[in-house]
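The values are calculated or read from the model by the stated rules, or taken from the named source; none is laboratory data. Treat the numbers as computed from the prediction; the structure is a model and nothing was measured. Cβ coordinates were reconstructed from backbone atoms using ideal geometry, including for glycine residues, and neighbour counts include every protein chain displayed. For accessibility, only protein heavy atoms count, side chains too; no ligands or nucleic acids. Shrake-Rupley method; radii C 1.70, N 1.55, O 1.52, S 1.80 Å.
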Amino acid sequence: MRIVLSDSKSSSIDAVATLLYDRLSVHPTSVIGLATGKTMEPVYAAFVEMVKANPIKLDRVFFFMLDEYLGLPDGHPSSFKAYIQTHLIKPLELSESQFAFPPVHAGSIHEAAEHYELSLKESGGIDLQLLGIGTNGHIGFNEPGSTKTSRTRLVHLTGETQKSNQGQFVDGKVPSDALSMGIGTILDAKNLIMLATGESKAAAMKYLMNHHDDPTCPATYLKSHSHFVLVLDPEAASKINLKI
Ligand code: F6R
């Protein structure tokens with residue numbers, strides 16, 4: 001694990017956006033895994049700015065979304081599909097055909113999850129996976145208790161996660177289930193970049209530093225990945241002993 005401790009929230013955001021931009025400048029046919037959430041919003045905004053300032057070709061990039069809520073109608077404004085349309089697809093005029101979305105509207109979720117795994121495999125695998133982290137250490141929607149070998153599947157959200165995500169729902173009603181890539185799926189990506197910003201992530205960061213392969217904090221599974229970059233702002237790093 002490589003840790004990048006930034007001197008401000010904005011430089012941590014710029015660091016992640018730059019890693020994505022640089023990757024796509026050099027490898028325009030990359031397969032990218034995308035996370036959603038509040039943390040990633042400014043990263044996508046910074047990336048969009050970079051592309052607009054110094055255009056790069058993105059029409060041969062393929063994107064896989066990490067997770068999606070179950071039970072929302074297609075096009076629901078709080079779905080992760082709507083999120084990525086707002087933050088990436090529309091501002092960069094990307095085609096939706098460049099995106100794979102977890103098939104949450106399929107008749108058989110189990111079969112659809114297997115199909116998503118197959119699509120990932122057939123794409124040649126994810127070159128770069130962007131990740132946030134939940135206050136309880138979840139990655140994607142792999143909540144505490146998830147196994148290291150888990151694959152794309154239906155998952156139940158904890159009360160803590162539902163509460164954290166309440167602000168993203170106009171009616172405050174966060175679904176209880178989701179479809180998420182598994183830990184094993186995420187570990188198959190060639191490069192992992194996780195961004196943690198803000199004081200609310202400080203306890204999870206401290207736990208992550210001190211534990212390994214601990215099912216109560218799924219992010220600890222990532223420490224065995226040989227290309228895992230963790231980018232932190234000073235607040236997220238405030239409970240760990242790191243110096244710039
Ligand atoms: C969503 C995802 C989640 C979020 C996490 C943090 O696609 O992957 O694991 O990264 O819940 O969310 P924020 O950034 O809103 O604190």
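Restricting to segment 2-34, count the residues that are surrounded by fewer than 20 Cβ atoms within 10 Å (Cβ to Cβ) and within 15 Å of the ligand (Cβ to nearest atom).
1
Return yes when Leu157 is open to solvent by less than 40 Å² (accessible area, probe 1.4 Å), without any contact (Cβ under 8 Å) to a residue 24 or more places away in the chain and within 21 Å of Met194 (Cβ to Cβ) and no when it is not.
Considered against the rule, which asks whether it is open to solvent by less than 40 Å² (accessible area, probe 1.4 Å), without any contact (Cβ under 8 Å) to a residue 24 or more places away in the chain and within 21 Å of Met194 (Cβ to Cβ), Leu157 comes out as yes.
Please verify whether segment 219-230 includes one or more residues that are closer than 12 Å to Lys9 by Cβ, surrounded by 16 or more Cβ atoms within 10 Å (Cβ to Cβ) and in contact with a strand residue (DSSP E or B) (Cβ under 9 Å, 6 or more places away or on another chain). Spell out how you get there, then give the answer.
Going through segment 219-230, the residues closer than 12 Å to Lys9 by Cβ turn out to be none.
Within segment 219-230, not a single residue is closer than 12 Å to Lys9 by Cβ, surrounded by 16 or more Cβ atoms within 10 Å (Cβ to Cβ) and in contact with a strand residue (DSSP E or B) (Cβ under 9 Å, 6 or more places away or on another chain).
State which residue is most open to solvent (accessible area, probe 1.4 Å) when the search covers only segment 78-100 and only residues that are within 16 Å of the ligand (Cβ to nearest atom) and touching a residue at least 40 places away in the same chain (Cβ under 8 Å).
His87
Inside segment 116-161, can you point out the residues that are assigned to a helix (DSSP H, G or I), within 12 Å of the ligand (Cβ to nearest atom) and either within 23 Å of Phe99 (Cβ to Cβ) or in contact with a Lys or Arg (Cβ under 9 Å, 6 or more places away or on another chain) (or both)?
Passing the criteria: none in range.
Can you tell me which residue within segment 40-66, out of those that are within 16 Å of the ligand (Cβ to nearest atom) and open to solvent by less than 10 Å² (accessible area, probe 1.4 Å), is farthest from the chain's Cα centre (by Cα)? Steps first, answer last, please.
Step one: filter segment 40-66 for residues within 16 Å of the ligand (Cβ to nearest atom), giving 40-47, 63-66.
Subset that is open to solvent by less than 10 Å² (accessible area, probe 1.4 Å): 40, 43-44, 47, 63-66.
Numbers: Met40: 8, Val43: 11, Tyr44: 12, Phe47: 15, Phe63: 12, Phe64: 10, Met65: 8, Leu66: 6 Å.
For segment 40-66, the residue satisfying everything is Phe47.
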